[in-house]
Amino acid sequence: MNRYVTFTIGDDLYGVDVLRVQEALRAHARTRVPLAPPGIAGVVNLRGQVVVTVDLRPRLGLPALAQDAEPMMVVVQVDGEPVSLLVDEIGDVLDVPVDDVGVPPETLDPDLRPLIRSACTLEDRLLLVLDVDEAASAA
C-alpha cells in the first residue's frame with residue numbers, strides 16, 4: 001500500500017509520499033527574495049527556521065493564484081532540509097494499492113513529466129504523484 005498526502009493546484013489532484021511530508025499548514029507571511037527565479041515565492045520563518053517556499057504554479061503552466069486567495073503549504077523534507085510547497089488546498093491522506101500506481105499518462109505535457117513520478121487512478125479522478133526532489137528544485 002502506498003500512502004500519499006494529497007492537495008490540489010488548479011484543477012488537478014497531486015500527492016506526495018507521506019514519509020516525505022513534515023507538515024501541512026496555512027501559508028505564512030513570506031519574505032520575497034530579490035532576483036529569485038519565478039518558482040521561488042520567498043522564504044518563511046517556521047518556528048525559527050528559515051524555509052524556502054516554492055510556488056509550483058509557474059512550472060505547471062498555471063497563472064498566479066488570485067491576490068485574495070490564501071494558499072496552503074505542504075512542508076516536505078529534501079536532503080534533510082524542509083522546503084515549503086505552495087498549494088491551493090490540502091486534501092486527505094490516501095492509501096493507494098500498489099497495483100493502482102502506474103506511469104503518468106501519455107497525454108501529460110512533456111514539460112511536466114520530470115515533476116510527476118507516477119499516477120494513480122482513483123474512483124473519480126487521477127492522482128498525480130509529485131517528485132518531491134524535482135518539485136523543490138522547480139525554481
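The values are calculated or read from the model by the stated rules, or taken from the named source; none is laboratory data. Just so we're clear, the structure is a prediction, and the values are computed from it rather than from any experiment. No Cβ is skipped: glycine too gets one built from the backbone with ideal geometry, and neighbour counts run over all protein chains shown.
Pairs please, first residue from the stretch 76-104 and farther than 30 Å from Asn45 by Cα, second anywhere and modelled with pLDDT under 95 and in a loop (DSSP other than H, G, I, E, B), Cβ atoms under 9 Å, 6+ apart in sequence or on different chains.
Asp95/Met1; Val96/Met1; Val96/Leu122; Pro97/Met1; Val98/Met1; Asp100/Leu122; Pro104/Leu112
Looking only at the stretch 61-85, count every residue that is touching a Leu at 6+ places or on another chain (Cβ under 6 Å) and assigned to a loop (DSSP other than H, G, I, E, B) and tell me the total.
1
Can you confirm whether Ala36 is closer than 20 Å to Leu115 by Cβ, among the hydrophobic types (A, V, I, L, M, F, W, C) and not in a strand (DSSP E or B)?
yes
Name the residue that is surrounded by the fewest Cβ atoms within 10 Å (Cβ to Cβ), counting only residues in the stretch 60-85 that are at pLDDT 90 or above and within 20 Å of Asp109 (Cβ to Cβ).
The residue in question is Pro63.
Out of all the residues in the stretch 20-38, which are within 15 Å of Pro71 (Cα to Cα) and buried (at least 17 other Cβ atoms within 10 Å of the Cβ)?
Ala24, Ala27, Arg30
Which residue out of Arg3, Arg57 is charged (D, E, K, R) and in a loop (DSSP other than H, G, I, E, B)?
Among Arg3, Arg57, only Arg57 is charged (D, E, K, R) and in a loop (DSSP other than H, G, I, E, B).
Would a scan of the stretch 6-24 turn up a residue that is more than 15 Å from the chain's Cα centre (by Cα), among the polar types (S, T, N, Q) and either at pLDDT 95 or above or part of a strand (DSSP E or B) (or both)?
Within the stretch 6-24, not a single residue is more than 15 Å from the chain's Cα centre (by Cα), among the polar types (S, T, N, Q) and either at pLDDT 95 or above or part of a strand (DSSP E or B) (or both).
Taking only the stretch 86-132 into account, find how many residues are assigned to a strand (DSSP E or B), surrounded by fewer than 18 Cβ atoms within 10 Å (Cβ to Cβ) and among the β-branched types (Val, Ile, Thr).
Final tally of qualifying residues: 4.
For the stretch 39-50, what are the residues that are assigned to a loop (DSSP other than H, G, I, E, B) and at positive phi?
The answer is Arg47, Gly48.
List every residue pair whose Cβ atoms sit under 6 Å apart, with the two residues 6 or more apart in sequence or on different chains, where the first one lies in the stretch 6-22 and is in contact (Cβ under 8 Å) with a residue 24 or more places away in the chain and within 15 Å of Thr121 (Cα to Cα) and the second, anywhere, is small (Gly, Ala, Ser) and part of a strand (DSSP E or B).
Pairs that qualify, where the first residue is in contact (Cβ under 8 Å) with a residue 24 or more places away in the chain and within 15 Å of Thr121 (Cα to Cα) and the partner is small (Gly, Ala, Ser) and part of a strand (DSSP E or B), are Thr6/Gly15; Thr6/Gly91.
So, in the stretch 86-121, exactly how many residues are closer than 17 Å to Val54 by Cβ and of a type in the set (Val, Ile, Thr)?
So the count comes out to 3.
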